[in-house]
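The values are calculated or read from the model by the stated rules, or taken from the named source; none is laboratory data. From a predicted model like this one, the values you see are computed outputs, not experimental measurements. Cβ atoms come from the backbone with ideal geometry, glycine included; neighbour counts cover every protein chain shown.
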Amino acid sequence: MNMKSETMGSITENMASGPGTRNSSVRSTVLAALALWLGLVIYLGSKGTFVGSADSPPLPLFLGFAIPLAVFFAAYFGSNAFRTFILSADLRFVTAIQAWRWGGLGFLSLYAYHVLPGLFAFPAGLGDMAIGVAAPLMVLELVRRPSFAATRRYVMWNIFGLVDFVIALSLGTLCSGFFPGITRLIGNVTTSPMTHLPLILIPAYMVPLFSMLHFTSLFQARQLARSRISACVQG
C-alpha cells in the first residue's frame, strides 16, 4: 500500500514538472483523486462489490475499468487546466512507468498454479511483458530526441499497449464463467479471481491508470504533430 502511494506521488510530481504545469491546485487535485480512487477500489474489493454471479456478465468489473477512463476524458476535454497538465507531462517519465508492465509475468505464474486460465493468462501476460520490455527503449529514444514522440513507432507502441488491454479485458470476460461454451473449453479455472483482492487492483486500477498514461502520450504526440504541420505551413 505504501509503495502504491509513493508511486502515485511520483507519477503526479513528474507529470507536473513540465512548463506550464506548476499549478499546485491541479497537482494536488490529481494526487488526491488517485489516492481516493485507490482507496475506493480497495474498499469495494474488500466488500466483494466486483464479484458477479456465474449467470451474469462481469458488469461491475467493466464499470470499474470504464468509469475512471470516462472521468479522465471528461476532465481532459472539459478542463483547460487539466488538459494543460496532461499536455505538459514529462513523456520520458510517463513512458518509463510502462516498464512496470513486465509484471505481466505474474499472469503466467498464476496460470502455472491453476489460478487463471491460459486463454486469458498468456495473451494478457505476454502482451504486458512486450510493452514493459520495450518501454526503456522508448525512453532512450525520447531522451535522445524529444521529437520521437511524434513518430509512427512511438505512436504504434502506445496503440499496441491499449490494444493489449482491450484483448485482455475481452478474453477476461469470455473466461469469466458466463459463457458456457468457453467454460467447457477452459474447465473450472476462470478469471473470477480477478474480481477479488488483491487481483482486482489490476483491472479496476492499474489498467485504467496505464491506459491514461498511454492516452497522455498519444495526446502529446498529436499536439507535436500539429505543431510541426503549423510550422511547415507558416514557413
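Give the residue that is modelled with the highest pLDDT, with candidates limited to residues of the stretch 132-166 that are polar (S, T, N, Q) and part of a helix (DSSP H, G or I).
Asn158
Being part of a helix (DSSP H, G or I) and touching a Gly at 6+ places or on another chain (Cβ under 6 Å) is a property that holds for Met129. Close Cβ contacts (under 7 Å, 6 or more residues apart or on different chains) running from residues in the stretch 31-49 that are assigned to a loop (DSSP other than H, G, I, E, B) to residues that are of a type outside the set (Asp, Glu) comprise Thr49/Pro60. Among the residues of the stretch 58-81, those identified as aliphatic (A, V, I, L, M) and surrounded by fewer than 17 Cβ atoms within 10 Å (Cβ to Cβ) are Leu59, Leu63, Ala66, Ile67, Leu69, Ala70, Val71, Ala74, Ala81. Ala121 meets each of the listed conditions (1) of a type in the set (A, V, I, L, M, F, W, C); (2) without any contact (Cβ under 8 Å) to a residue 12 or more places away in the chain; (3) in contact with a Phe, Trp or Tyr (Cβ under 7 Å, 6 or more places away or on another chain) apart from (2).
Of the residues making up the stretch 83-95, those that are surrounded by 18 or more Cβ atoms within 10 Å (Cβ to Cβ) and in a helix (DSSP H, G or I) are Phe85, Ile86, Leu91, Phe93, Val94, Thr95.
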